[in-house]
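See below for the structure under consideration.
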């Protein structure tokens, strides 16, 4: 089912929230262990008395959703969908900490209630007084894709609907140190804009919140068209990855030579980045490549940043040199293929086209 992005909003480690396009100045984090979001002024979107009871990720989610609705000129969505890999980590840590500190007695239920993964989508519904369909998906690296898939299924039945769809994940100091022990992150500080140059194990962790307004009806102010999406788990070899790319393009009736840019999830870990480089050297050797995780870091729903970035590029037709990976960046963008995977297991591909 082809859908159209009516509007979007992104909170990330870059200045992506207030800017209408890609930020003119990219922030280069030097000596960084992880990338944290640049948070907006919440009082412009949420009542301060209400915001004080919200955790950081809930405020980011509500703020991004309201901004997305404003950018889309949609007063009330027909559904609110969200995807998150790890949910509200900060509140989860508070609840687990209270269990330990209070010896499992006289526990405050509020952190537990707010630690559930559907807290953000529920808070959005409460903030905008939306009584329509509301769902949250927690499928690790497929969390955001599951939310998108739900939106596409609903639009297949009701194309005129406006579906607010987003992905979010936060990073806390505790979660960073725990996952670092598992070998997921670099053992040394890095310079973010040089992420692809590090030939060492692990990546650079990050976080972000993105929301999109999707509809099945084409409008004059659409940002981009989402032509197709595919997910696949632990491919056997590079031939299977190439087959999924061919099926993605075939589903939308687009030829490989019609693709203007490949947006890849290169994260600085050579053990998993090899999948991207193999695809570019074999099947897509004539296509220019770009990457995005040096801007936002690695997290379960990082593909939402790639979707936001690709949509903005198609709308504005301006490609920053900071995202260049292989080949010469094109002057005109018609179709962008996004290919991202999480630790070599959860693979997702998108095809976006200019409206």
Checklist entry - residue 41: outside the structural domain of residue 251 (by TED's automatic domain parsing) and either surrounded by 19 or more Cβ atoms within 10 Å (Cβ to Cβ) or over 24 Å from residue 296 (Cα atoms) (or both), yes or no? => result no
Item to check | Options 173, 190; residue that is buried (at least 22 other Cβ atoms within 10 Å of the Cβ) and outside the structural domain of residue 290 (by TED's automatic domain parsing) | outcome: 190
Next on the checklist: Condition check: in contact (Cβ under 8 Å) with a residue 12 or more places away in the chain, closer than 30 Å to residue 223 by Cβ and loosely packed, with under 15 Cβ neighbours inside 10 Å. Does residue 160 satisfy that?
Outcome noted: yes
Next on the checklist: Just checking, does region 126-143 include any residue being out of contact with any strand residue (DSSP E or B) (no Cβ under 9 Å at 6 or more places or on another chain), buried (at least 16 other Cβ atoms within 10 Å of the Cβ) and assigned to a loop (DSSP other than H, G, I, E, B)?
Outcome noted: no
Checklist entry - Which residues, counting only those in region 321-355, are within 19 Å of the chain's Cα centre (by Cα) and part of a loop (DSSP other than H, G, I, E, B)? => result 343, 344, 345
Item to check | Residue that is touching a strand residue (DSSP E or B) at 6+ places or on another chain (Cβ under 8 Å) and in contact (Cβ under 8 Å) with a residue 24 or more places away in the chain, where the choices are 38, 46 | outcome: 38
Next on the checklist: Within region 176-184, does at least one residue satisfy the condition of being in contact (Cβ under 8 Å) with a residue 24 or more places away in the chain, in a loop (DSSP other than H, G, I, E, B) and surrounded by fewer than 21 Cβ atoms within 10 Å (Cβ to Cβ)?
Outcome noted: yes
Checklist entry - Inside region 193-237, can you point out the residues that are touching a residue at least 24 places away in the same chain (Cβ under 8 Å), more than 24 Å from residue 183 (Cβ to Cβ) and surrounded by fewer than 16 Cβ atoms within 10 Å (Cβ to Cβ)? => result 217, 218, 219, 221
Item to check | helices (runs of 4 or more DSSP H) fully within region 1-113 counting 2 or more residues that are modelled with pLDDT under 95 and touching a helix residue (DSSP H, G or I) at 6+ places or on another chain (Cβ under 8 Å) | outcome: 48-51, 89-101
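The values are calculated or read from the model by the stated rules, or taken from the named source; none is laboratory data. In this text the structure is predicted, and so the values were computed from the model without any measurement. Virtual Cβ from ideal backbone geometry, glycine too; neighbours counted across all protein chains shown.
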